[in-house]
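Nothing in this text is a laboratory measurement; each read-out follows from the coordinates by a stated rule. Here the structure is a predicted model, which is why all the values come from computation and not from measurement. Quick reminder, even Gly has a Cβ in these numbers, built from the backbone with ideal geometry, and neighbours come from all protein chains shown.
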């Protein structure tokens with residue numbers, strides 16, 4: 001694993017805001033994710049989760065504020081910061097005309113992974129995610145789940161310090177989803193940091209050390225699942241889903257909207 | 001449940017309206033930069049028209065041009081070239097819009113019929129073609145109207161040319177639908193390139209055959225001369241209608257125009273009716289991806305980033321025959337002309353006052369223009385939605401842009417060099433002249449590749465589902481104009497240096513080379529810097 005500044009948090013959002021022409025996608029986000037932490041970002045569609053992750057990997061520039069990856073500013077020291085990052089986008093677009101193995105070789109080349117390391121790591125990743133048998137197929141023939149797994153392999157080839165995943169479980173079958181969960185937990189156990197966004201609240205509840213709830217570009221709740229349940233005043237039977245509905249006020253609005261649309 | 005009643009015309013109007021809204025939104029609602037470009041483009045267009053129209057008026061007023069056969073010859077040639085160009089481009093366009101556009105799947109499950117779907121695509125293509133044609137040919141037609149004082153020539157030309165090209169497009173569409181219905185599923189995506197290659201090489205072969213038969217030089221004009229006269233050919237009707245119109249004979253002008261209009265309606269209706277039932281099966285085939293296992297044995301050998309990107313680009317290109325043929329076709333056609341028995345190259349004889357390498361060099365540089373357009377212009381755009389793979393890696397933007405330049409530069413330089421040297425050797429060019437012209441060509445083509453890659457980075461189109469659409473049509477036209485101007489600047493610089501220093505001596509050759517180097521270097525620096533700045537500002 002390539003290491004950043006030891007004392008710095010793995011990922012720090014310092015007063016980060018992002019404005020698209022006519023709307024505020026993210027409003028003044030202050031958040032620190034510690035090394036070895038598995039952090040989950042949840043929120044309704046259009047809440048700003050993907051924008052936040054894209055800013056963290058440098059695909060989007062914050063309108064204001066800074067994002068530090070192990071102490072390196074992703075905008076000013078992009079190359080050094082990106083060396084520490086692995087990223088799996090939602091519905092990852094990959095090079096269709098490369099084979100799975102060639103795609104991983106490309107990722108290894110981009111991150112300048114040594115020959116010994118890639119010889120060890122690429123077969124291990126392919127085996128861990130059950131892609132060995134399909135490594136010589138063109139990516140264009142992969143299912144969505146296989147693409148997602150290949151993107152994860154590509155993100156892990158250089159053994160990144162911080163792994164960012166946007167909706168990582170979408171498209172995965174239950175077995176693959178469980179494999180992913182186990183893999184993420186073992187990554188964190190070995191000192192890696194994982195920052196993921198998800199709609200699957202049960203995944204966040206089971207997996208994440210801490211959860212942030214995003215709504216309309218703002219971080220409206222932050223803490224462990226137990227802390228959030230306590231803050232929301234739920235009894236023992238309450239779940240993260242109840243917290244989510246409570247915090248975002250989604251339940252009442254959604255129900256009213258659904259009834260209204262069906263009756264139109 | 002609600003019941004709906006469908007009207008075909010209303011559906012067609014709805015689809016066209018949605019298409020127009022899409023264009024409008026991409027011009028006006030896709031950021032401030034696009035809005036500015038949308039406002040600036042018409043102003044630039046008006047400026048160009050203001051300059052070109054008086055020039056066209058002067059040309060049309062020239063006695064030689066307006067007299068009898070020379071006008072008919074010119075218009076016939078233009079009509080033949082238009083039909084050939086439309087035929088060749090329509091194959092690719094039809095495949096892209098019917099089988100590989102993002103909205104096809106959705107449209108095919110809505111209650112619009114396949115014939116309506118095809119009509120919509122055909123009309124959209126026709127309207128886009130009409131817009132491009134208006135921009136490009138507008139000043140010439142306007143000039144003709146002003147020169148003759150007959151304003152009705154403008155709608156007459158529009159109707160005649162439209163009626164000639166609409167059935168051409170529909171025939172290409174029918175051909176595409178029929179072939180896709182027949183070929184095996186795994187080959188469907190390769191059919192585009194194959195069809196375009198057949199049409200392209202077919203036209204070149206007919207042109208060369210016509211020139212050999214007529215005994216005059218090679219050229220599209222020869223082909224037009226050979227086949228323009230027969231009255232049964234539609235472009236002959238179009239040419240006669242326009243020429244009669246220009247001469248003020250209204251009725252003789254309207255008769256062929258009416259016949260063309262009727263032919264357009266009948267042929268288009270027949271082709272749409274015939275193609276409709278074949279569409280759905282072909283589409284299903286086109287979506288079936290054959291699983292092709294490749295023998296991949298990794299050496300796990302690390303490569304520098306630039307070579308890794310080059311290897312990736314090369315693999316992507318060679319595994320996509322449609323793109324590969326699209327790239328090779330123009331180079332192949334240049335090769336066919338340069339190496340054909342009678343040719344002596346594309347008008348090589350017209351360079352007889354200059355050194356022997358002059359013609360091959362200029363022709364090869366223009367062949368490189370197509371290679372640069374096919375690869376360099378789309379170097380960044382071809383990344384599409386996969387661009388994140390590169391931009392989230394630690395590779396710097398500058399290194400990334402230079403890596404993307406490698407493949408176009410290598411292909412354009414080697415292809416043009418092979419064309420030029422083989423032609424030079426065939427016409428017995430001395431070795432020092434071959435070496436000098438090779439050095440000039442390499443510099444010129446490298447500059448061209450930088451220009452293409454830089455421009456492609458300034459306006460990358462990363463949101464596509466078919467890689468052939470990774471470059472917008474306007475950018476492609478702009479690059480062809482700019483690239484041709486760049487080659488002209490290199491050649492003019494070279495010529496001036498040779499003329500000023502009194503001929504191809506050692507000193508004048510060195511000076512000519514330095515002039516070319518200066519033009520290429522400046523162009524490369526400006527284009528790559530602009531592309532680099534744009535990529536730095538790009539958010540995806």
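Rounded if a/c is under 1.5, else prolate if a/b beats b/c, else oblate: with a ≥ b ≥ c from the C-alpha gyration tensor eigenvalues square-rooted, which is segment B:305-537? Write out the running numbers ahead of the final one.
Numbers: a/c = 2.30, a/b = 1.65, b/c = 1.39.
Verdict is prolate for segment B:305-537.
Using a 10 Å cut-off around each Cβ of peptide A:72-79, what is the average number of partner chain Cβ atoms that fall inside?
2
Give me the one-decimal nm value for the distance between modelled label points at residue A:202 and residue B:280, 7 Å along each residue's Cα-to-Cβ direction.
3.8
What angle, in degrees between 0 and 90 and rounded to the nearest 10, separates the Cα long axis of helix A:115-128 from the longest principal axis of the Cα atoms of chain A?
50
How high is the FRET efficiency from residue A:230 to residue A:189, r the C-beta distance, R0 22 Å, rounded to 0.05? Don't skip to the end; give the middle numbers.
On the way: r = 26 Å, r/R0 = 1.20.
Taking R0 as 22 Å, the efficiency between residue A:230 and residue A:189 is 0.25.
Neighbouring Cβ atoms within 10 Å as the yardstick, rank A:190, B:453 fewest first. Present the calculation step by step, with values, prior to reporting the outcome.
Numbers: A:190 9, B:453 29.
So the ranking, lowest neighbour count to highest, is A:190, B:453.
Using Cα pairs closer than 8 Å and at least 6 residues apart in sequence, work out the relative contact order for segment B:305-537, in percent.
Reported relative contact order: 25 percent.
Of B:38, A:99, B:391, how do they rank once you tally other Cβ atoms within 10 Å and put the fewest first?
Final ranking by Cβ density, sparse to dense: B:38, B:391, A:99.
Which angle between 0 and 90 degrees, to the nearest 10, do you get for helix A:174-189 versus the longest principal axis of chain A when only C-alpha atoms count?
For A:174-189 against chain A, the angle is about 80 degrees.
Report the calculated FRET efficiency for residue B:426 and residue B:154 (r = Cβ-Cβ distance, R0 = 35 Å), to the nearest 0.05.
0.15
Measure nothing but the geometry: give the 0 to 90° angle between the long axis through the Cα atoms of A:100-110 and the longest principal axis through the Cα atoms of chain A, rounded to 10°.
Approximately 90 degrees, to the nearest ten.
Between residue A:23 and residue A:133, how many nm apart are label points set 7 Å from Cα along the C-beta direction?
Output for this residue pair reads 4.4 nm.
How well do other chains shield peptide A:107-117, expressed as the mean number of their Cβ atoms within 10 Å of each residue Cβ?
The mean count of partner-chain Cβ atoms within 10 Å per residue comes to 5.
List the residues of segment A:70-96 whose backbone N lies under 12 Å from a point placed 7 Å from the Cα of residue A:112 along the Cα-to-Cβ direction.
Once the point is set 7 Å along Cα→Cβ of residue A:112, A:79-80, A:83 turn out to lie under 12 Å by backbone N, inside segment A:70-96.
Between residue B:265 and residue B:318, take the C-beta separation as r, use R0 = 35 Å, and let me know the FRET efficiency to the nearest 0.05.
After rounding, the FRET efficiency stands at 0.20.
When B:176, B:443 are ordered from fewest to most other Cβ atoms inside 10 Å of their Cβ, what list results?
B:443, B:176
Measuring from label point to label point, each 7 Å out along Cα→Cβ, what is the residue B:540 to residue B:43 span in nm?
Calculated label separation equals 3.1 nm.
Mind ranking B:82-93, B:512-523 by how tightly packed they are, going by the mean number of other C-beta atoms within 10 angstrom, highest first? All intermediate terms of the calculation are to be shown ahead of the outcome.
Details: B:82-93: 21.2, B:512-523: 18.6.
Highest mean packing first, the order is B:82-93, B:512-523.
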